[in-house]
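Everything below concerns the one structure shown next.
The values are calculated or read from the model by the stated rules, or taken from the named source; none is laboratory data. None of these values were measured; they are calculated from a predicted model. Note: ideal-geometry Cβ built from the backbone for every residue, glycine included; neighbour counts use all protein chains shown. Protein only, heavy atoms only, side chains kept; ligands, DNA and RNA dropped before computing areas. Shrake-Rupley method; radii C 1.70, N 1.55, O 1.52, S 1.80 Å.
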Amino acid sequence: MLPFLFDAMAYKRPHLKKLGEIVRAHGSGRPDLALLARELGAVVHRHSLALADELDALRRAERFERWRLGAHRGEGAEVLIMVWPPNHATPVHDHAGLWGLEMALYGALSVENWQRGPDGSLRAGGRQWLGPGDACWFEDAASGLHRCRNLSRQACALSLHVYGGRLEHYLAYAPTPQAAWRTRRQRARVIGQLA
Ligand SMILES: [Fe+2]
């Protein structure tokens, strides 16, 4: 029953399914992230309206959500869809040392990059704006610190995330009045599976 159900969902979401297939075609090791971004971006640019339709139900979410795209069988990349309510912003966060690629699918996100200094302090180091099909990526823990925000005050945004393994926990950082940073371990809760 369940495999039939998943197949039926994939049939209704062919472009979303295609994004998962592109990631899996790169194998279980770390892919060339620039090439992966170009291949995924080509599908998103060409089919952005169809993708928005396929994800129509998610665009009504009232809170930040993570959905898994396809099954993760314990090895290789994990692919997630994230739903951003209007103006939603993350704290500065890491990605548990995994490599990663993050791409806007619908709406626009800002990505503020952060770096850790030799004394362990954090400082902002540049910003990117991602529209549908635009991506940022990081190769390791040192380059994987950032803070993201949905730039719309009225509409949800959607994004695609590819990580080099299952992201179960990550660290979030918040400044304190004493100028130090408080670190909190967060669970990367996934709502369910798509396609
Ligand atoms: Fe992130």
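Restricting to region 31-70, name every residue that is farther than 13 Å from residue 18 by Cβ and part of a loop (DSSP other than H, G, I, E, B).
Those that are farther than 13 Å from residue 18 by Cβ and part of a loop (DSSP other than H, G, I, E, B): 31, 32, 55, 61, 62, 63, 64.
Which one of the conditions (1) more than 17 Å from residue 90 (Cβ to Cβ); (2) of a type outside the set (A, V, I, L, M); (3) touching a strand residue (DSSP E or B) at 6+ places or on another chain (Cβ under 6 Å) does residue 177 fail to meet, given that it meets all the rest?
(3)
Name the residues in region 157-195 that are under 30 Å from residue 45 (Cα atoms), away from the ligand (no atom under 14 Å from the Cβ) and part of a strand (DSSP E or B), would you?
Listed by number, the residues that qualify are 158, 192, 193, 194.
Identify all residues within region 115-126 that are in contact (Cβ under 8 Å) with a residue 40 or more places away in the chain and open to solvent by less than 30 Å² (accessible area, probe 1.4 Å); write none if there are none.
122
Can you find, within region 137-174, the residue that is farthest from the chain's Cα centre (by Cα) among those that are aliphatic (A, V, I, L, M) and under 11 Å from residue 93 (Cβ atoms)?
174
Can you name every residue in region 148-174 that is of a type outside the set (Ser, Thr, Tyr), touching a Pro at 6+ places or on another chain (Cβ under 8 Å) and open to solvent by 20 Å² or more (accessible area, probe 1.4 Å)?
153, 154, 155, 174
Could you grab me the full set of residues in region 78-114 that are open to solvent by 20 Å² or more (accessible area, probe 1.4 Å), within 15 Å of the ligand (Cβ to nearest atom) and in contact with a Gly (Cβ under 7 Å, 6 or more places away or on another chain)?
94, 98, 99, 113, 114, listed by residue number.
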